[in-house]
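The values are calculated or read from the model by the stated rules, or taken from the named source; none is laboratory data. The structure presented is a predicted model; accordingly, all values stated were derived computationally and were not measured. FYI the Cβ positions are ideal-geometry reconstructions off the backbone, even for glycines, and counts take in every protein chain you see. Side chains are part of the model used for accessible areas, which takes the heavy atoms of the whole protein and leaves out ligands, DNA and RNA. Shrake-Rupley method; radii C 1.70, N 1.55, O 1.52, S 1.80 Å.
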Amino acid sequence: GLVDRRVPGRSAGGEPASLAAASPRQRAAASAGRAAARARGTLVHALLQHLPGLDAAEREAAARRYLALPAHGLDDAAQDDIAGQVMSVLAHPALAPLFGPGSRAEAPIAGVVGGVEIGGVVDRLAILPDRALIADYKTDRAPPATVDGIPVAYLGQVAAYAAVLRKIVAPRPVEALLVWTATGAVMPVPEAL
């Protein structure tokens, strides 16, 4: 049979129920806002993927050159905001192993856990002698203050990646982190979640 995959509080079209009742102008503005957020997230992810390969002293200048490209259509304030967010993440002490030698960006991960095939791409991966670290970047403008506020979809994603990685690096533990790029906050995801 068919499964209703609609999220409660959303219309059949997938938008929030409040938007389904909105005027065309309101829906267009909301759609433009989502598109801008996606574009911003893409820029942040690209910078976090490529900047760690540069010498630390070169990263900020490279980020600013990239963000200033006319194709991105960013004003000076937006460029400053994104560059600041990215540099804050790159400088976070808890993330140093994820941006250090031997770490990987956009690392494909695949395996079978409990009879379920899992595959995806981890934003950052570091396999260390005593543990493995994975980080997933989230560009939400208003990230949760505590782990209790992490959306279930995000928890499922990092749990799946961690489960596959545990099979690969056992007996080393796997630590999963969510990196909220809007604030530079790093949120360890407890294994129990």
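Here the stretch 61-81 is the region considered, the condition is being open to solvent by less than 60 Å² (accessible area, probe 1.4 Å) and assigned to a loop (DSSP other than H, G, I, E, B), and the residue that is nearest to Leu128 (Cα to Cα) is Ala68. For the stretch 163-181, the criterion of a residue being farther than 24 Å from Pro52 by Cα and in contact with a Pro (Cβ under 9 Å, 6 or more places away or on another chain) is satisfied by at least one position. Taking residues in the stretch 71-88 that are under 24 Å from Asp136 (Cβ atoms), and partners anywhere that are surrounded by 13 or more Cβ atoms within 10 Å (Cβ to Cβ) and not hydrophobic (A, V, I, L, M, F, W, C), the pairs with Cβ atoms closer than 6 Å and at least 6 places apart or on different chains are Ala83/Arg64; Gln85/Thr181; Met87/Glu60; Ser88/Gly184.
For the stretch 33-59, the set of residues classified as over 15 Å from the mean Cα position of the chain (by Cα) and buried (at least 17 other Cβ atoms within 10 Å of the Cβ) consists of Leu51, Pro52, Arg59, listed by residue number. Residue count for the stretch 155-173 satisfying the condition of being out of contact with any Gly (no Cβ under 9 Å at 6 or more places or on another chain) and over 22 Å from Leu90 (Cβ atoms): 10. Among the residues of the stretch 46-68, is there at least one that is over 22 Å from Ala105 (Cβ atoms) and modelled with pLDDT of 95 or more? Yes, the conditions are met somewhere in the stretch 46-68.
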